[in-house]
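Engineer: Below: one structure in structure tokens.
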Amino acid sequence: MARPTRLDDTRIKSELQRLDGWELKGGKLHREFAFADFVEAFRFMTAVALVSERMNHHPEWFNVYRTVIVDLRTHDADGISELDFKLAGEINKLAPSA
């Protein structure tokens, strides 16, 4: 399997325009999710964990009660790669409707 390639800033900005709810923060794709309660937040994290394991690409994340914060960055590419955008798209499919 080929090593992921770091995307340049122009490509990252272009891809971000097509990805609802995500922003660039601290050199990572970043999004915060709010849920009704801890159980819903944990259910979401479990679903994301299964997808990310299948993709062999794992998020950096943080959870307190009903909030889940997700940051994506490809360590092998030393930056943001296509894998991050693919995982972000899959995470959006699992998120509750706004």
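Engineer: With point charges of +1 on the Cβ of Lys and Arg and -1 on the Cβ of Asp and Glu, referenced to the Cα centre of the chain, which listed residue (Ala49, Leu94, Phe33) lies farthest in the positive direction of the dipole?
Structural biologist: The residue sitting farthest along the positive end of the dipole is Leu94.
Engineer: A follow-up question, please. Taking a cut-off of 16 Å between Cα atoms, list the lysines near Lys28, but don't count ones fewer than 8 places away on the same chain.
Structural biologist: Once the sequence-local lysines are set aside, what remains near Lys28 is Lys13, Lys86.
Engineer: Let me ask something else. In the stretch 21-98, which chymotrypsin sites (Phe, Trp or Tyr not before Pro) are in a loop and have at most 13 other Cβ atoms within 10 Å, using DSSP for the loop call?
Structural biologist: Tyr65
Engineer: Can you tell me the FRET efficiency between Arg3 and Glu60 if r is taken as the Cβ-Cβ distance and R0 is 30 Å, rounded to the nearest 0.05?
Structural biologist: E(calc), rounded to 0.05, equals 0.95.
Engineer: How big is the dipole moment of the chain about its Cα centre under a simple scheme where the beta carbon of each Lys and Arg is +1, that of each Asp and Glu is -1, and everything else is neutral? Debye, nearest 20, please.
Structural biologist: 120 debye
Engineer: Assign one of three labels to the chain, namely rounded, prolate or oblate, based on the Cα gyration tensor with a ≥ b ≥ c the square roots of its eigenvalues; rounded applies when a/c is under 1.5, prolate when it is not and a/b is larger than b/c, and oblate otherwise.
Structural biologist: prolate
Engineer: Under DSSP H, which helices of the chain have Cα atoms covering 24 Å or more of the helix axis and a Kyte-Doolittle average no less than -0.5? Don't jump to the answer; show the numbers that get you there.
Structural biologist: Details: long enough: 38-55 (25 Å, 0.92).
Counting only whole DSSP H runs, the qualifying helices are 38-55.
Engineer: Let me ask something else. Express in nm, to one decimal, how much length is gained between Phe38 and Ala77 on full extension, taking 0.36 nm for each residue of separation and deducting their alpha carbon distance. Walk me through the intermediate numbers first.
Structural biologist: Numbers: separation 39, 0.36 × 39 = 14.04 nm, distance 3.32 nm.
The Phe38-Ala77 span can extend by a further 10.7 nm.
Bear in mind these aren't lab numbers, they're just calculated from the coordinates by the rules spelled out. All figures in this text were calculated on a predicted structure; none of them were measured in a lab. Every residue, glycine among them, receives a Cβ derived from its backbone with ideal geometry; neighbour counts consider all protein chains shown.
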